[in-house]
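Okay, structure first, notes after.
Just so it is clear, none of the values below were taken in a lab; they were calculated from the coordinates. Remember, it's a predicted structure, so these values are computed and weren't measured experimentally. Note that each Cβ is placed from the backbone with ideal geometry, even for glycine, and that neighbours are counted across all protein chains shown.
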């Protein structure tokens, strides 16, 4: 009888506990990410921008922020894959980014939970306002996630970094 009551309480708790719903985006042959379904996924609007060297993936719209994802061939990083790079190669990547984008500041590295893929997060200032760029490189292709607020004057903060981190931690390369 006690086991039955315990089982009923566990089932009741499971039913009453809110579960985060999630959406999933798959870039065919490349990767999958999972996102909170309170965000709006648009993986259609900018497909026309795709070329041989650039591919737009999606825009995720939050209540007050956007996360935009794409990949682009970067000759500077030809042959580089950050997930298999030595520490010296990763340091060289950071130095190349500092040389190429002196307006950027390196903030941190976010590592995808299951795949171990590192994303280097930079803060940029542009004519459109401040934003975050999280980037990894695979065989010379930069996979980029841009995060920014609708209000162009609003600086990236902990809340924006948390949204970006939550997305990047789910990054799983295609098998």
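Between the Cα long axis of helix 2-16 and the first principal axis of the chain there is an angle of about 40°, rounded to the nearest 10. Axis angle, to the nearest 10 degrees, between helix 158-168 and the longest C-alpha principal axis of the chain: 90 degrees.
Shown for 138, 33: other C-beta atoms within 10 Å of each C-beta, ranked fewest to most, produce the order 138, 33. Largest GNM mean-square fluctuation among 38, 105, 126, using the chain with Cα springs under 10 Å: 126.
Extension gain, residue 153 to residue 85, is 20.9 nm, computed as 0.36 nm per intervening residue step minus the present C-alpha separation.
Spin-label pair residue 125-residue 48: with each label point 7 Å from Cα along the Cα-Cβ axis, the two points sit 3.4 nm from one another.
When the convex hull of its Cα atoms is viewed from all sides, the chain shows a mean projected area of 13.3 nm².
Extending 7 Å from Cα along the Cβ direction at residue 95 and again at residue 38 yields two label points whose distance is 4.4 nm. Counting every other Cβ atom within 10 Å of each residue's Cβ, 137, 121 order from fewest to most as 121, 137.
Nearest 10 degrees is fine. How inclined is helix 87-100 to the longest principal axis of the chain, computing both from alpha carbons? Compared with the principal axis, the helix lies near 60 degrees. Taking each DSSP H run with n ≥ 4 as -39500 (n - 2.57) and averaging over every residue of the chain yields -7500 deg cm²/dmol at 222 nm. For the Cα trace of the stretch 22-115, dividing Rg by the Kirkwood Rh returns an Rg/Rh value of 0.99.
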